[in-house]
Amino acid sequence: QVHLVESGGGLVQPGGSLRLSCVASGSMYIIYEMRWYRQAPGKQRELVASITRGGSTNYADSVNVKGRFTISRDNAENSVYLQMNSLKPEDTAVYYCYGAAALPGQLYANNYWGQGTQVTVSS
């Protein structure tokens, strides 16, 4: 089993910054793609950004975070990060970490989710 634990959320003023972290336990597993999703009150969960094990990144066009958010990872630490700058009130949401992981030799990866961390952007 893989457990994902997020941290770094909180209350920040508009224009401020936060850095979210997500650490995956389960040392026997290989963590492939990792993603950050978010879910605002009354809305569906949406993809924010993704990063492959090799470091290729993608940012969802629909969430308008390009140039403000940066996803990165540390494979040695089984961690993924989301640096969020120039935060706006519309970035307020619960942010969830996702990881696709498999045991060595396993033909398919399973999906794992963290419990979420609240980000509130308000003056």
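Taken together, the values in this text are just the output of simple stated rules run on the coordinates, not laboratory data. Keep in mind that what you see is a predicted model, and the values were worked out from it rather than measured. Note that we place each Cβ from the backbone using ideal geometry, even for glycine, and neighbour counts take in every protein chain shown.
Values computed for the structure shown
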quantity: Hydrodynamic radius (Kirkwood) for the stretch 45-103, which is based on Cα pairs only, to one decimal in Å; calculated: 12.5
quantity: Length released on extending from Gln83 to Leu107, taking residue separation times 0.36 nm less the Cα-Cα span; calculated: 5.4 nm
quantity: Dipole moment magnitude, nearest 20 debye, the chain about Cα centre, only Lys, Arg, Asp, Glu C-beta charged; calculated: 140
quantity: Within a Gaussian network of the chain (alpha carbon springs, distance under 10 Å), most fluctuating of Leu87, Leu18, Leu107; calculated: Leu107
quantity: Potential extension, Gln13-Arg45 segment - 0.36 nm per residue separation minus Cα distance; calculated: 9.2 nm
quantity: Range of Cα positions in the stretch 11-78 per principal axis (Å), largest first; calculated: 39, 25, 22
quantity: Residues whose placed amide H lies under 5 Å from that of Gly10, excluding near-sequence neighbours; calculated: Val119, Thr120
quantity: DSSP-loop chymotrypsin sites (Phe, Trp or Tyr not before Pro) across the stretch 53-123, with at most 10 other Cβ within 10 angstrom; calculated: Tyr108
quantity: Percent RCO, i.e. relative contact order, over the chain, from Cα pairs under 8 Å lying at least 6 residues apart; calculated: 37
